[in-house]
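Scroll down for the structure; my scribbles are underneath it.
Values in this text are rule-based calculations from the coordinates and carry no lab data. Given the structure is predicted, the values throughout are model-derived calculations rather than measurements. Glycine also receives a Cβ, built like all others from the backbone with ideal geometry; neighbour counts cover every protein chain displayed.
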Amino acid sequence: EVQLEESGGGLVQPGGSLRLSCVASGSTVNRNYVSWVRQAPGKGLEWVSVIYRGGHTYYGDSVKGRFTISRDNSKNTVYLQINSLGAEDTAMYYCATFDYGGNPPGDALGWGQGTLVTVSS
Amino acid sequence: DIVMTQTPLSLSVTPGQPASISCKSSQSLLYRDGKTYLYWYLQKPGQPPQLLIYEISNRFSGVPDRFSGSGSGTDFTLKISRVEAEDVGVYYCMQSILLPPTFGQGTRVEIK
């Protein structure tokens, strides 16, 4: 089991940027598939992005070109740089680890507590 | 994208009674490695989602054995053998066999 702790959320104006962090403990980020999943207020879960064990990155269509996922193995941390924010990006952002088809299994499964991003003027 | 369809969308259950949630995927979630990439999560009120079941039927660490998962291919079921008050919340199924991972709409479980 891996413990995940997100930070970096906050209130940002439309068009602004934030960098979210996900710090892992109990397992290393480069041995897992670390995903970001968001949840708009009162809505369901939406997958945002993933960084694979091997470093490949993928994005959902709604964030492609605006969000960038990366990791720092020395800090056991995955980042999500979110740019050109709009009201539709207002959500709780969670990091999570789960496996992806066609890939070797990750070391651990987990889900963080989330960090809230609010886009408003 | 794979569409995940949950039924029912809401459920009201008497404590001690069983409950069952169905999840159907628009494509098979069985990969050629033999694994089926189907997860179940529970989001309790005001909390983040928590993993209950992975790969159809494997209970995650600490999950009570009253929770069980079954199914294959495109049809899956989460069962709670005897619902307790702490089981209230929204249950989601999720697939990760193909990008992007997708979630069901959620099933809200409440206690009568």
Check your understanding: In nanometres, what is the gap between the two model label sites at B:R32 and A:S62, each 7 Å from Cα along Cα-to-Cβ?
Key -> 3.3 nm
Check your understanding: Using alpha-carbon pairs under 8 Å, 6+ residues apart, how would you state the relative contact order of chain A in percent?
Key -> 38 percent
Point to revise | Theoretical gain in end-to-end length, A:A87 to A:A40 [0.36 nm per residue, Cα-Cα removed] | key: 15.9 nm
Exercise for review: Quick one: what are the phi-derived ³J(HN,Hα) couplings along region A:49-66, Karplus 6.51/-1.76/1.60 with θ = phi - 60°, whole Hz, x for glycine and proline?
Suggested key: 6, 8, 10, 6, 3, x, x, 5, 10, 9, 9, x, 4, 6, 10, 4, x, 10
Point to revise | J(HN,Hα) series, region B:14-21, from Karplus relation 6.51 cos²θ - 1.76 cosθ + 1.60, nearest Hz, glycine and proline x | key: 6, x, x, 8, x, 9, 9, 10
Exercise for review: Pull out the extension gain between B:K112 and B:E84, defined as 0.36 nm times the separation in residues minus the alpha carbon to alpha carbon distance; nm, one decimal.
Suggested key: 9.0 nm
Revision key, fill the gap. Placing each pseudo-label 7 Å from Cα in the direction of the beta carbon, B:S10 and B:Q50 end up separated by a distance in nanometres of 2.4 nm
Practice item. Report the extension gain between A:E1 and A:S25 in nm, rounded to one decimal, defined as 0.36 nm multiplied by the number of residues separating them, less their alpha carbon distance. Key: 7.7 nm
Point to revise | Long-range amide H partners of A:L11 with built H, under 5 Å | key: A:T118
Check your understanding: Of A:W47, A:S17, A:G110, which is farthest along the charge dipole of chain A in the positive direction, counting Lys and Arg as +1 and Asp and Glu as -1 at C-beta?
Key -> A:S17
Practice item. Could you give the size of the charge dipole of chain B about its Cα centre, using +1 on the Cβ of each K and R and -1 on the Cβ of each D and E, expressed in debye and rounded to the nearest 20? Key: 100 debye
Check your understanding: With r defined as the distance between the Cβ atoms of B:D1 and A:S17 and R0 fixed at 25 Å, what FRET efficiency is calculated, to the nearest 0.05?
Key -> 0.35
